[in-house]
1. Quick check: convex hull over the Cα atoms of region 74-164, volume per residue in Å³, rounded to an integer?
2. Kindly rank 25-33, 249-257, 268-276 from highest to lowest mean number of other beta carbons found within 10 Å of each residue.
3. With a sphere of radius 14 Å drawn around the Cβ of Y225, what net charge do the other residues whose Cβ falls strictly inside it have (Lys, Arg +1; Asp, Glu -1)?
4. With unit charges on the beta carbon (Lys/Arg positive, Asp/Glu negative), name the residue among G209, T227, A21 whose Cα is farthest towards the positive pole of the charge dipole of the chain.
5. In debye, nearest 20: dipole of the chain around its Cα centre with unit charges on the Cβ of K, R (+) and D, E (-)?
6. Output wanted: per-residue J couplings in Hz (rounded whole) for region 97-111, from phi through Karplus 6.51 cos²θ - 1.76 cosθ + 1.60, θ = phi - 60°, x for Gly and Pro.
7. Take the Cβ-Cβ distance between Q56 and T234 as r, set R0 to 22 Å, and report the resulting FRET efficiency rounded to the nearest 0.05.
8. Just to be sure I understand: with springs between alpha-carbon atoms less than 10 Å apart, which residue in T213, T202, T221 has the highest mean-square fluctuation in the Gaussian network model of the chain?
Amino acid sequence: MLGRRGSLWFLAVPPFLWLLALFILPLIVVGAISLLPGTGRIDFSHGWPSLNQYQQVFATDIYIRRLGISAVMAFVVAASATILAYPIAYFLTFRARQRATVYLILLLVPFASSYLLRVMAWKLLLGSHGAINWVLTSLGLVTEPAGLLVYSQAAVVITLIYVWIPFAALPIYAALQRIDRSHLEAAADLGAGPWTRFARITVPMSLPGALATFFMVFIPTVGEYVTPSLVGGTDGFMYGNIIQDLFTRAGNWTLGAALAVVMLLAVLVLVLVALRLVDLRRVAV
């Protein structure tokens, strides 16, 4: 039988190899391609490394501006999804009781359908002749269909918030499950009301889970390109769409790789700054 050390290696090596093959090595390849001196074709015959691609990225205003816009949109999506998912997770933890499993399954039902199908459904809802515009015109709130609901940044943000809410509720739910109920009972015995217990105990102790949820939504949303392609149009174009176009339509892999590396580093810096400003050990106390 395997000892403790052998069991540790047996459990750790396969995930590490999987991570190495499908995450670390692709990042190294992308980084190497971004350092090629040529444009478009992957050609190592001209020698490398070169910072030509990065010079072009920072010399082109639209790239940096679009990265900033995408970061702001990702922040709005992550903050909104986290805030909207918190009551769902709270209900599942403290109010659902025996039916919590049923409600949790219902929360996960959207994952059983195609991501593209859910996005296309929002495209129909937000369209000029969609259900939302029909309700607005029927109530007399608008005289003609609102064109801002589709093919805009607002459409991208609304759709992404909907997509991320079920996923965002799970880490918060796990954080709320770890709260010791004796803390709430002790606070109630000392005269604290429901809102006081929620503000002074529940929120601080679940805040690390909420922050983890925010980052798990924010990081992939910065590079999102599928949803903007379907519901964003030209106004909802995000940074990820530029990278996609460079790799697929323009065939400029070197510049696309440089843009991807810049995005990765920018997101990493933002996360590190946020973690430096927010001490999870303090907010959890």
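Each reported figure results from applying straightforward, stated rules to the coordinates on display, with no laboratory input. Small disclaimer: the values here were computed from a predicted structure and weren't measured. Cβ sites come from the backbone with ideal geometry, for glycine too, and all protein chains shown count toward neighbours.
1. Value for region 74-164: 121 Å³ per residue.
2. 249-257, 25-33, 268-276
3. Local net charge: 0.
4. Result: G209, furthest along the dipole toward the positive end.
5. Using Cβ point charges on Lys, Arg, Asp and Glu, the chain gives about 800 debye.
6. With coefficients 6.51, -1.76 and 1.60, one gets 6, 5, 8, 4, 5, 5, 5, 5, 5, 4, 5, 8, 4, x, 5 Hz.
7. Result of the calculation: an efficiency of 0.45.
8. T202
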